[in-house]
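Quick notes on the structure that follows.
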Amino acid sequence: MIFFCIKKWFYTLWDNLYSAFLLNLVASVFLFIPVALYYFVQGINPYSHLFLVFLGMLPFGLFLAVAARFARDFENPGSISFKQSGAYLKEGFQGGITLVALNISIAFVLFFALPYYYAQNSIPGTIGFVVATLIAILTLLMNQYATALHVMYQPRMLKSIRKSLRVALDNPGFTLGMVVVSAVILAVSLLTLTFFPGIIGLLLWYHIAFNTRMLKYEYLEVNPDMRGKPIPWNELLKEERENLEKTSLRDLIFPAKK
């Protein structure tokens, strides 16, 4: 399952290489804002400095809401149009603000909570550290599904977050595999200065992995008697695997222009 998702992700990203490069370039510009605030704004209260850096993440978070919709469009050849940026911003503004504000709040708390509880050297401190670590892990797992779920099904972001946590906990092995692949994507992105696979590559990975996993729930909705039994993934993915096998070496060398 994970290997199928990786193959589909790579082919889809490669087929939209030029659009992905442009989106990653814009992402790098927005990501520079909090980095610049961190390095160039000095001489103020450390708490205020950290809050200012987190505040600088808001434009980047809004861009992610737009980029996630382009990642969705990557699966539909010929559907990419940067003229949609304004409409996508309007569509994703509220959800993007909610998600980035939640992540910033959690990051702000964890930044102080983890060192504080770790230094306590007591039972309450240990319990606090474990709870804070658990929150950090659940946040990581939630982020892998929340945006894709919100983009595909359009529920309110808080509802998307609750559902994404359920999906993550219901599919622990697959979710762990997503974490590993995400780490590899981030590592390669750092080596290429975020231009490839970059932010759009990560968002596309989340989108493809989420969409593929949703086939399980669509199958169970039609076949409720199969709950608790093995999912026939070979049958569910047969058509998509056949489409991927049709991709030639020429298609990889000369990706379609989007």
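The values are calculated or read from the model by the stated rules, or taken from the named source; none is laboratory data. Everything numeric in this text was worked out from a predicted model, so none of it was measured. When we count neighbours, we look across all protein chains shown, and the Cβ atoms used for this are built from the backbone with ideal geometry, even at glycine. Surface accessibility is based on the protein's heavy atoms, side chains included, excluding ligands, DNA and RNA. Shrake-Rupley method; radii C 1.70, N 1.55, O 1.52, S 1.80 Å.
When R162 is tested against the conditions (1) of a type in the set (D, E, K, R); (2) touching a Gly at 6+ places or on another chain (Cβ under 8 Å); (3) modelled with pLDDT of 90 or more, the lone failure is (2). Annotation note: Cβ proximity below 7 Å between a residue of the range 198-221 that is among the hydrophobic types (A, V, I, L, M, F, W, C) and a residue that is open to solvent by 20 Å² or more (accessible area, probe 1.4 Å) and not in a helix (DSSP H, G or I) (sequence gap 6+ or interchain) occurs for L220/R227. For residues that are out of contact with any Gly (no Cβ under 9 Å at 6 or more places or on another chain) and not aromatic (F, W, Y), scanning just the range 59-70, find the one that is modelled with the highest pLDDT. Among those that are out of contact with any Gly (no Cβ under 9 Å at 6 or more places or on another chain) and not aromatic (F, W, Y), it is A67. Based on what the data block shows, is L50 of a type in the set (A, V, I, L, M) and at pLDDT below 90? Here the answer is yes, as L50 does meet what is asked. If only residues of the range 148-157 that are open to solvent by 30 Å² or more (accessible area, probe 1.4 Å) and within 19 Å of F74 (Cβ to Cβ) are counted, the one that is modelled with the highest pLDDT is M152. Can you tell me which residues in the range 5-18 are open to solvent by less than 30 Å² (accessible area, probe 1.4 Å) and in contact with a helix residue (DSSP H, G or I) (Cβ under 7 Å, 6 or more places away or on another chain)? Those that are open to solvent by less than 30 Å² (accessible area, probe 1.4 Å) and in contact with a helix residue (DSSP H, G or I) (Cβ under 7 Å, 6 or more places away or on another chain): C5, K8, W9, T12, L13. Quick check on G86: is it over 19 Å from the mean Cα position of the chain (by Cα) and either assigned to a helix (DSSP H, G or I) or modelled with pLDDT of 90 or more (or both)? Criteria met by G86. The single condition among (1) in a helix (DSSP H, G or I); (2) at pLDDT below 90; (3) among the small types (G, A, S) that S79 does not meet is (1). Identify all residues within the range 33-50 that are in a loop (DSSP other than H, G, I, E, B) and either in contact with a Phe, Trp or Tyr (Cβ under 7 Å, 6 or more places away or on another chain) or loosely packed, with under 12 Cβ neighbours inside 10 Å (or both); write none if there are none. Correct list: Q42, G43, I44, N45. Residues that are aromatic (F, W, Y) and within 16 Å of the chain's Cα centre (by Cα) were ranked within the range 38-67; the one that is nearest to L204 (Cα to Cα) is F63.
Would you check which residues across the range 14-30 are out of contact with any Pro (no Cβ under 6 Å at 6 or more places or on another chain) and closer than 21 Å to H207 by Cα and list them? Quick ask: steps written out before the conclusion?
Taking the range 14-30 and keeping what is out of contact with any Pro (no Cβ under 6 Å at 6 or more places or on another chain), we get 16, 18-29.
Listed by number, the residues that qualify are N16, Y18, S19, A20, F21, L22, L23, N24, L25, V26, A27, S28.
Residues of the range 68-125 that are open to solvent by less than 60 Å² (accessible area, probe 1.4 Å) and of a type in the set (S, T, N, Q): S79, S81, S85, T98, N103, S122. Of the candidates T194, T175, the single residue that is open to solvent by less than 50 Å² (accessible area, probe 1.4 Å), touching a residue at least 24 places away in the same chain (Cβ under 8 Å) and not in a helix (DSSP H, G or I) is T194.
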